[in-house]
Amino acid sequence: MVNRVKPPKNPVQRQVTEWTQVLSQQDTQGHLDLFDLKTHPQPLNTYLDQLAQQSPVSHPNRFKTTEKQLAYWLNAYNTLALKLIIDAAPVNDLKDIPGFFSIRRYILGGIKMSLSDIQTLLARQYPSKPYLVFALSDFSHRTPAPVQLKASDLQKQLKQLADKTLQQPGAVTLEDGCGPIHVPHFLSELTETNRTETILSLLNIHAPPRIRGDLYRECNWQILFDKPDTRIRQSL
């Protein structure tokens, strides 16, 4: 008698393997070989098929914790972004992909959703979680490079992403005295309510030590967002 291994009841349990396989192809700068991914699409397509089967909306009993819900949506966002880019390849800039954020092309838990739909869902259901912006990647130089997000380590991963992003040379700059603070453009996607205070709080924890020291001054700080660099992270 042959012992058959039963597949997991929850397809989400299998997702780590395929998505990790895709992300493992990134170089140290977060660049991917789009031609290779387009030529060998099986891992990404398998992962998309699994995301399509169930989501926190379609199967809430399988996503009972906030961490499981967030890990799903964040990984789904990054996967859809990459799939949109691969389908449009060869392409060098997000601006060259019509409807990149708004088009509803792929299914999540039985529902067609766009990148904007996921952003709206996250903003409405998790308004007090500013660290999420560090995990949303559109695979351009505008946003951080993506990582495989796991519910069990999510909070730690989000803080590590904030550290890595804000401590990169030139990511955060402060003009002399109480001059404006220049920050990455993707932080403009934080909820407008108390956005300046939220960014200052993040900088006080995750910015380079010199910046953190300057923030103790009593100033009326102004936040300026850098010009977005929408060139796609790809190996040339």
Boolean, Ile85 is surrounded by fewer than 21 Cβ atoms within 10 Å (Cβ to Cβ) and in contact with a Leu (Cβ under 9 Å, 6 or more places away or on another chain)
no
Name the single residue that is nearest to the chain's Cα centre (by Cα) among those in the range 110-141 being polar (S, T, N, Q), under 22 Å from Thr65 (Cβ atoms) and part of a helix (DSSP H, G or I).
Gln119
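Given the criteria surrounded by fewer than 21 Cβ atoms within 10 Å (Cβ to Cβ) and over 22 Å from Lys129 (Cβ atoms), does Leu34 qualify?
On the way: surrounded by fewer than 21 Cβ atoms within 10 Å (Cβ to Cβ): no; over 22 Å from Lys129 (Cβ atoms): yes.
It is false that Leu34 is surrounded by fewer than 21 Cβ atoms within 10 Å (Cβ to Cβ) and over 22 Å from Lys129 (Cβ atoms).
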When you go through Thr173, Thr143, Thr196, Thr191 one by one, which is the residue that is under 30 Å from Thr20 (Cβ atoms) and hydroxyl-bearing (Ser, Thr, Tyr)?
Thr143
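Each value in this text was obtained by applying a stated rule to the coordinates, not by laboratory testing. Nothing here was measured: the structure is a model prediction, and the numbers come from that model. Because the Cβ atoms are built from the backbone with ideal geometry, glycine has one as well, and the counts that use them run over all protein chains shown.
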